[in-house]
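FYI, it's all coordinate maths here, none of it is from the lab. From a predicted model like this one, the values you see are computed outputs, not experimental measurements. Methodologically, a virtual Cβ is constructed for each residue, glycine included, from the backbone with ideal geometry; neighbour enumeration extends over all protein chains shown.
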Amino acid sequence: MIIVLKPETTKKQFEHVLERIRALGLKPMVSKGTERTIIGVIGPEDALRVQPLEAIPGVEKVMPVLKPYKLVGREFQAHDSVVDVKGVKIGGKAVVVMAGPCSVEDPKMLVDIGKQVKAGGAQMLRGGAFKPRTSPYSFQGMGEAGLKLLHQVSRDTGLPVVTELLDVRDLPLFEKYVDMIQIGARNMQNFELLKEVGLTQKPVLLKRGFSATISEFLLAAEYILSEGNFNVVLCERGIRTFETMTRFTLDLNAIPVIKRLSHLPIIVDPSHSSGVWDYVAPMARAAIAAGADGLIVEVHNNPEVARCDGPQSLKPKKFAALMKDVGKIARVLGRTL
Ligand code: PEP
Ligand code: MN
């Protein structure tokens, strides 16, 4: 249910509406637009049917939300959300690119790659310290030591860092060392994990599960917002189809569809979706052309020896060249890089 307040509603009336919602055992979530204040009502809404909220002074109308997701929807907030990651704004006019290795491997490689992606034009550093590997015998990441390295390189380069959280027990470490928490494709429907990151105010990068519909993807984001964390950026990273020439199939449709349905920013991962470095640049360019708010790209200075995802990693020079093209496409669309 969404409650639209009258433009002239006073602060006292507004507080009274919130009180009434809470008294019914429901949770109010407020969206303040330039002209109107909207209150999203979370919880079992049956109570609202017998309590006519329209009668409360200051309330203009009460509308049912027909879509299953509420807070992530455009009905709740018409304007685009901009998520601020330590000064880097995602979802605004500027396209934002996050780049770095699949996994943090050792201090020197991370320092070198950090400098190289920054020189190429990246605004954020990526790198996994906890890796969700398909096989238990593959490199699982450096863990806490990896987080500390990311934190150090982030301080040295000035690039905010995004890295994946696999286990709620590591959340305190992420609060300390990380600027943006990534929830990976394999955990998109780990609802307990979503609720826990929802209880923080850390920006979250939520990647689409490779078998998830767009509706399921938005409902996963809804879990985070419903706990109070609105700093969510979505990431399309390819879905499973019958095609085997690429690792996954990048669903470019998801960009305009999500732009229509939701106010949350959406970025694209052309690395995991294609699985082949040679396809990364064309798909990255296509994503920006289709309206994505940014990219997350795997870059490695020696992909041959990478401990994870070498075949899909761009070398720094190729990454810098891609950034030039991305800048040109962004400008055609009235955006910047
Ligand atoms: C990653 O970004 O390192 C990763 C594992 O991505 P995904 O969850 O999309 O597979
Ligand atoms: Mn990877």
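For K86, which lysines qualify as cross-link partners when the Cα separation must be under 22 Å and same-chain residues fewer than eight apart are set aside? The reachable lysines, counting only those whose Cα sits under 22 Å from K86, are K115, K118, K148, K176, K202, K207.
In a reduced charge model with +1 at each Lys and Arg Cβ and -1 at each Asp and Glu Cβ, the chain shows a dipole moment near 720 debye about its Cα centre. A straight line joining the Cα centroids of the range 191-211 and the range 6-72 runs 26 Å. Here the chain carries DSSP beta bridges of which approximately 40% are antiparallel, counting only pairs with both residues inside. Take every pair of alpha-carbon atoms less than 8 Å apart whose residues are at least six positions apart; their mean separation over the length of the range 137-250 yields a relative contact order of 20 percent.
Can you tell me the orientation of helix 11-23 relative to the chain, as the angle in degrees between its alpha-carbon axis and the longest Cα principal axis, to the nearest 10? That helix lies at roughly 80 degrees to the long axis. A DSSP coil position with no more than 13 other Cβ atoms inside 10 Å describes the following trypsin sites (Lys or Arg not before Pro) in the range 54-102: K86, K93. Sites listed here are trypsin sites (Lys or Arg not before Pro) in the range 150-242 whose DSSP assignment is loop and whose Cβ has at most 15 other Cβ atoms within 10 Å: R240.
Among I288, S211, G100, whose Cα lies farthest out toward the positive end of the dipole of the range 83-332, if unit charges sit on the beta carbon of Lys, Arg (+1) and Asp, Glu (-1)? About the Cα centre, the residue reaching furthest to the positive side is I288. Candidates F130, G40, A321 compared by Cα position along the dipole of the chain: farthest toward the positive end lies A321, with charges placed on Cβ. Over the residues of the chain, the helix contribution to mean residue ellipticity at 222 nm works out to -10500 deg cm²/dmol, using -39500 (n - 2.57) for each DSSP H run of at least 4. Loop-located GluC sites (Glu not before Pro) in the range 167-257 (DSSP state other than H, G, I, E, B) with a sparse environment of at most 12 neighbouring Cβ atoms within 10 Å: E243.
Contact order, relative form, for the range 108-196: 27 percent (alpha carbon pairs under 8 Å, 6 or more residues apart, mean separation divided by residue count). Were the residues from V332 through K317 laid out at 0.36 nm apart, the gain over their Cα-Cα distance would be 3.0 nm. Under 12 Å from a point placed 7 Å out from the Cα of V276 along the Cα-to-Cβ direction: which residues of the range 238-264 have their backbone N that close? From the range 238-264, the list is 244-248.
One equal scatterer on each Cα of the range 2-63, no solvent, Debye formula: the resulting log10 I(q)/I(0) at q = 0.17, 0.22, 0.26 Å⁻¹ is -0.49, -0.83, -1.18.
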